[in-house]
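Step one of this worksheet: look at the structure below.
Just so you know, all these numbers are worked out from the coordinates, no wet-lab data involved. In this text, all values refer to a predicted model and were calculated from it rather than measured experimentally. Glycine also receives a Cβ, built like all others from the backbone with ideal geometry; neighbour counts cover every protein chain displayed.
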Amino acid sequence: MKTIKNKNMIFALLVSCLLSNTGCDRSSFTPSGDNPIKGSGDVTLYTTNNSRSLDFHKSFVDFSKKDNMAPNTITLDPATKFQTMDGFGAAITGSTCYNLLKMDKADRLKFLTETFSDKDGMGMSYIRIAIGCSDFSLSEYTCWDTPGKENFGLQKEEKEYILPILKEILAINPKIKIIGSPWTPPKWMKVNNLNDLQAFDSWTNGQLNPKYYEDYGWYFVQWLNAFEKEGVHVAAITVQNEPLNRGNSASLYMSWEEQQAFVKKSLGPQLKKANLNTQIYAFDHNYNYDNIDSQMGYPWKIYADAEAAAYFTGAAYHNYGGNKDELLAVQSKRPDKELIFTETSIGTWNDGRNLSKRLIEDMSEVALGTVNRWSKAVIVWNLMLDTQMGPYREGGCKTCYGAVDIQSSNYKNMTRNSHYYIIGHMSAVVKPGATRIGSNKLQDNSIEYATFQNTDGTYAVVLLNKSGEEKKIAINDGTHHFSYAVPAMSVVSYRWAK
């Protein structure tokens, strides 16, 4: 028996090394040192603590046959239903694709499988891409930089970087959802302001000339069709990334009045005419509307026009300013419209590579914080940057980290940062189509959680222990219950069948 046990342990170690992107080192997902490796159980768990001694550690527990409810017992209420989930993921920018394509193909496949596979990985299920360039592109461009419809076309970055990576991801997870966002329209469509209407030859700032509304709507349709012809279906778009940010390296100022008019007069009708069921999300910017009084409540001001509102699925938000409770305010005003969270960053300004701090804060603020406020999706910014925080565009962010940082000297060794873990902990157990369901509220404020039921009937709970102490948690679904000692300063994801 001793020989068999040793063989099993060696086999488990080899499997963990094969699934790891960088081999058996501490940056890989390997079973934690002193915990026994159990091969099965009623409930599957993934645990990460802020010291990485538990590094997305997979384990199992069984249902209890005894009445051993802990003081902290979470009781699920499947009859109370909130939003249906679309998914969780990251942005696949030009910079991300550049770094991924620098990796050995075998290493890249392991990493992408670990990240996107629903069977052999975390199962990340949502991707954001730029329509044209972003501040994390290899150059500044759109797909129509010269007037004349014959001059529209996908560009080098899309053909040689974005599309190849998207196709590799889709081969791993064909059901992945993709949303596209423009940072700027073609420069020839821009003016300095809506009064002077003077040509504005700059990637940064400017406004969309109303006389080009029809052309810009045509541009969206052509871009969507071009990706479709490449086998990449883009299910949703936002009208403008950060429409109130004039200062990004590629940007456009677009007030709610302009966005409402453009979608009502051009984009919405043109998508309909082209038989495209592409979802349109409004806004795509900060909770505080960049403190511009006239732009407060941007989405619901757009929705006030019923004809325009009919084209919008909902609104998208970032968290670079303001409070996440704005999601509750928007949902209460228009519960018929969806909410998604489309961007957040880590970097030097928030100690972004310090997992001991960021894991807890980002899980609370970004993942659980938005989902528990009606967000149907959570997407973080760059999936991968290098250890020099790039490549990036001048005028964009020079101090951002990726969800994963890869060593620029060898494009092999990598560090998984907080954003990789918080998305992975959601996507590993909460699948597209899952419904967030009700549960009781615990008295212990150091514990945060969200509860779900997947389309296959399985239950999922994602839980954060913010305290410096281990917490004994019991979970009860009305039929089964089980308990688990949640490590201090950790995230745990659970999934089990009814």
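Under 20 Å from the Cα of Lys376, which lysines turn up, not counting those fewer than eight places away in the same chain?
List returned: Lys81, Lys175, Lys177, Lys324, Lys333, Lys337, Lys431.
Taking just the alpha carbons, could you work out the radius of gyration and Dmax for the range 86-429, both in angstroms?
Both quantities, over Cα of the range 86-429: 18.9, 57 Å.
Per-residue HN-Hα couplings for the range 194-202, Karplus 6.51 cos²θ - 1.76 cosθ + 1.60 at θ = phi - 60°, whole Hz, x for Gly and Pro?
Result, rounded to whole Hz: 8, 9, 6, 6, 8, 3, 10, 8, 8.
Over the chain, what is the relative contact order in percent, taking alpha-carbon pairs closer than 8 angstrom and at least six residues apart?
21 percent
Using 0.36 nm per residue of separation minus the Cα-Cα distance, give me the extension gain between Asn291 and Lys167 in nm, one decimal.
Taking Asn291 through Lys167 to full extension adds about 40.7 nm, to one decimal.
Give me a comma-separated list of calculated 3J(HN,Hα) values for the range 354-363, in order, Karplus coefficients 6.51, -1.76, 1.60 applied at θ = phi - 60°, integers in Hz, x for any Gly or Pro.
Karplus values, whole Hz, x for Gly and Pro: 8, 5, 4, 9, 6, 4, 6, 5, 6, 5.
Using packing as a proxy for protection, rank 140-151, 471-482, 243-254 so that the peptide with the highest average count of other Cβ atoms within 10 Å comes first.
Descending mean neighbour count gives 243-254, 471-482, 140-151.
Using only helices, what value at 222 nm comes out for the chain when you add -39,500 (n - 2.57) per DSSP H run of length 4 or more and divide by the total residues, to the nearest 500 deg cm²/dmol?
Mean residue ellipticity at 222 nm (helix-derived): -6500 deg cm²/dmol.
Once you place label points 7 Å from the Cα toward the Cβ at Asp104 and Asp196, how far apart are they in nm?
5.7 nm
Run the reach check for Lys211 against lysines, Cα to Cα strictly under 18 Å, same-chain hits fewer than 8 apart removed. What comes back?
Hits, sequence-local ones excluded: Lys149, Lys187, Lys190, Lys264, Lys265.
Provide the FRET efficiency to the nearest 0.05 for the Lys412-Phe60 pair, computing r from the beta carbons and using R0 = 35 Å.
0.65
Can you list the residues, at least 5 places off or on another chain, whose amide H is less than 5 Å from the amide H of Lys177, using H built in the peptide plane?
Tyr126, Ile127
Please tell me which of these pairs span more than 18 angstrom C-alpha to C-alpha: Lys58/Lys357; Lys357/Lys466; Lys102/Lys159?
Lys58/Lys357
What percent do you get for the relative contact order of the range 43-175 when only Cα pairs under 8 Å and 6+ apart count?
21 percent
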